[in-house]
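Since the structure comes first, as structure tokens, the remarks are kept for the end.
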Amino acid sequence: MFEKNHQPSNNPSHFENQKGTNEIATHVELNWNEYKEKIHGFRFFDPHIHMVSRTTDDYQNMAQAGIVAVIEPAFWVGQPRTGLATFKDYYSSLVGWERYRSSQFGIKHYCTIGLNSREANNERLADEVMEILPLYIYKEGVVGIGEIGFDDQTDLEEKYYRLQLELAKEAKLPVQIHTPHRDKKRGTERSMSIALEHGLDPSYVVVDHNNEETVKSVLDQGFYAAFTIYPFTKMGNKRMVSIVEEYGAEKIMINSSADWGISDPLAIPKTAALMLDRGISPDTVRKVTYQNAIEAFAKSGQINVADFENGLKADPNEKFHGNSVLRGGQQPKWDKNSLFIE
């Protein structure tokens, strides 16, 4: 049971405003009914979203907004996992149930598999997890190792980051780097330096959660720069528009990182609408919200655009281990404006 007097640990979540954090949330009033017309016909690919934390309503809304494919990185689930079996079940859900659930709403689901930086600090359990990672990274639909990197930038985090970089090299898979929420610039530079030290091709590495302080160095060194549109931390919609105006579209991608916290699974289409409203070309918008993510993760050999480009056909009769997300004759999609439940 959660105690009212619970004291924060020395390893706080990224939702807490830390001393030295100068990221300020930018809020833009968005008339979605007006802006959705601007993105009509666009397809979107969210390369970092934690759908295990989201509801079927989110899937409905994402599909209606034009999101046709997602990548779900393995991540921290809000509290420490206590044993190896919990990692096994979690990884199995990413390549199993969640992929099925996504398909029922016409969205193609991929994932990246890795040991997250926060749980790398439990050395006994981290060693056990490293032993099972090869059982999952070669499975169908796994497009990379991730999200890995630094949180508190400890020696143990570096140890397991390095081990997973070597695993990615051996498997010839892209890497998805989680950059720390505190002391971000130093952590980002450290992450890239170590990746280069291990001989990784920067075009195989997506450096995530960038901001204005890190973007130039990431792009200059040849890495992909991913930006998370996330309330109160990381990057705002309006700031993202300014970054694309300044740096263009090459090797830049946008994601929502929507998870169990206050977050927005429609962050990409909303940002796309704002970009178009600000006069950014449709071609540029397509690159940063769709094409660049495909280009980066297709190096895994697991992405075939034909699987989702014209819409993934949901099969309402298909079940996963005898279970379905549908109840009582439901269809995978509906128009909420015309829905009436008796």
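The values are calculated or read from the model by the stated rules, or taken from the named source; none is laboratory data. On a predicted model such as this, the values are computed, not experimentally measured, just so you know. For neighbour counting, all protein chains shown are included, and Cβ atoms are generated from backbone atoms with ideal geometry for every residue, glycine included. The area values use the complete protein model at the heavy-atom level, side chains included, leaving out ligands, DNA and RNA. Shrake-Rupley method; radii C 1.70, N 1.55, O 1.52, S 1.80 Å.
Please tell me which of these pairs span more than 31 angstrom C-alpha to C-alpha: Lys88/Lys313; Lys159/Lys287; Lys216/Lys313; Lys169/Lys287; Lys139/Lys287?
Working: Lys88/Lys313 29 Å; Lys159/Lys287 35 Å; Lys216/Lys313 40 Å; Lys169/Lys287 26 Å; Lys139/Lys287 28 Å.
Pairs exceeding the cut-off: Lys159/Lys287; Lys216/Lys313.
Hey, for a label at Arg162 modelled as a point 7 Å past Cα toward Cβ, could you say which residues of segment 181-198 have their backbone N under 14 Å away?
191, 193-198
Amide H to amide H under 5 Å from Arg81: which residues, 5+ apart in sequence or cross-chain, H placed 1.01 Å off N in plane?
Those qualifying (amide H under 5 Å, at least 5 residues apart or on another chain) number zero.
Rounded to the nearest percent, how much of the accessible area of segment 41-84 (1.4 Å probe, protein heavy atoms only) is carbon and sulfur? Could you put the intermediate results ahead of the total?
On the way: 640 of 1350 Å².
Percent of accessible area from carbon and sulfur atoms in segment 41-84: 48.
What residues qualify as long-range amide H neighbours of Ile107, i.e. H under 5 Å apart, gap of 5 or more or another chain, H built at 1.01 Å from N?
Residues meeting the criterion, in which the H sits 1.01 Å from N, do not exist here.
Once label points are set 7 Å from the Cα along Cα→Cβ at both Ile132 and Thr86, what is their separation, rounded to one decimal in nm?
Inter-label distance under the simple model: 1.2 nm.
Taking the highest mean first, how do the peptides 96-105, 40-49 order by number of other beta carbon atoms within 10 angstrom per residue?
Numbers: 96-105: 19.9, 40-49: 21.9.
Order by mean packing, descending: 40-49, 96-105.
With θ taken as phi - 60° and the coefficients 6.51, -1.76 and 1.60, list the Karplus ³J(HN,Hα) couplings across segment 45-60 in order, rounded to whole Hz; mark glycine and proline as x.
Coupling constants for segment 45-60: 10, 9, x, 7, 8, 9, 5, 4, 9, 9, 9, 5, 4, 4, 4, 4 Hz.
Quick check for me: using +1 on Lys/Arg Cβ and -1 on Asp/Glu Cβ, what's the dipole size of segment 35-134 about its Cα centre, in debye to the nearest 20?
In total the dipole reaches around 380 debye.
Using the Kirkwood radius over Cα pairs, work out the Stokes-Einstein diffusion coefficient for segment 155-236 at 10 °C and 1.306 mPa s, in µm²/s as a whole number. Don't skip to the end; give the middle numbers.
Numbers: Rh = 12.9 Å.
Answer, rounded: 123 µm²/s.
May I ask you to evaluate 6.51 cos²θ - 1.76 cosθ + 1.60, the Karplus curve with θ = phi - 60°, for each residue of segment 204-210 and list the ³J(HN,Hα) values in order in whole Hz, giving x for glycine and proline?
Once θ is set to phi - 60°, the couplings for segment 204-210 become 9, 10, 9, 8, 9, 6, 6 Hz.
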